[in-house]
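Everything on this sheet refers to the single structure shown next.
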Amino acid sequence: MGEPASAALREAAWGDYIRRCVSRDESALAALYDESSQLAYTIAMRILQDEADASEVVLDVYKQVWDAAARFDEQRGSAAAWIVILARSRAMDRRRSRAARMRTTVKVEELHDVISRQPSPESLAIASQSSRSVMHALAAVPLEQRQALELAFFGGLSHSEIADKLGEPLGTVKTRIRLAVGRLRELLKDAVR
């Protein structure tokens, strides 16, 4: 059948693994880790740019999956999306912690470095859905909104950092991100189900 069918099967399997983690099934956690840890690692590496820190973030993500599996809600998003959110959150926490320890400002990547030719975390996360639909929807988001959204979610920047990077007022950046998320939600509401 192709990519959408295999993505749906993968998503069903990952959701099942998470449900089995609720009943403390270690083999389910191991299977989920084997199949999805590269996704978490890719996101952590993109934000942290450090292999050791990214590897520790991956371990933190799967500890959180194990501890919080009962809170996973398939109605709110896919298993892949949940793993992406956990990885991004843990990587951002580690980045902040590292910056506080070093007492230096983490150098922010240039915009052209954020948009890479490598598979992005976004494309890996949506592989469990319909990647073509998401990419088409992203292309339909106005450039200014898409840039702010990419810097926030894939560059790991705060709203203030994005405002500084783009030379725009903070309120403008927040509005662009909110509008981009709303536009994506509208475009994808039928494609994801």
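The values are calculated or read from the model by the stated rules, or taken from the named source; none is laboratory data. These figures come from a predicted structure and were not determined experimentally. Note that we place each Cβ from the backbone using ideal geometry, even for glycine, and neighbour counts take in every protein chain shown.
Scanning the stretch 7-45 for residues that are in a loop (DSSP other than H, G, I, E, B) and on the phi < 0 side of the Ramachandran plot, we see that the one that is surrounded by the most Cβ atoms within 10 Å (Cβ to Cβ) is Asp25.
For the stretch 69-84, state whether one or more residues are outside the structural domain of Arg185 (by TED's automatic domain parsing), at pLDDT 90 or above, within 27 Å of Lys165 (Cα to Cα) and in a loop (DSSP other than H, G, I, E, B). No, the stretch 69-84 contains no residue that is outside the structural domain of Arg185 (by TED's automatic domain parsing), at pLDDT 90 or above, within 27 Å of Lys165 (Cα to Cα) and in a loop (DSSP other than H, G, I, E, B). Can you confirm whether Leu48 is under 27 Å from Lys189 (Cβ atoms) and either at pLDDT below 90 or surrounded by 17 or more Cβ atoms within 10 Å (Cβ to Cβ) (or both)? Against the criterion (under 27 Å from Lys189 (Cβ atoms) and either at pLDDT below 90 or surrounded by 17 or more Cβ atoms within 10 Å (Cβ to Cβ) (or both)), Leu48 does not qualify.
Scanning the stretch 174-193 for residues that are of a type in the set (A, V, I, L, M) and either at pLDDT 80 or above or within 16 Å of the chain's Cα centre (by Cα) (or both) returns Ile177, Leu179, Ala180, Val181, Leu184. In summary, Gly167 fulfils each of the numbered conditions (1) modelled with pLDDT of 80 or more; (2) surrounded by 13 or more Cβ atoms within 10 Å (Cβ to Cβ) with the single exception of condition (2).
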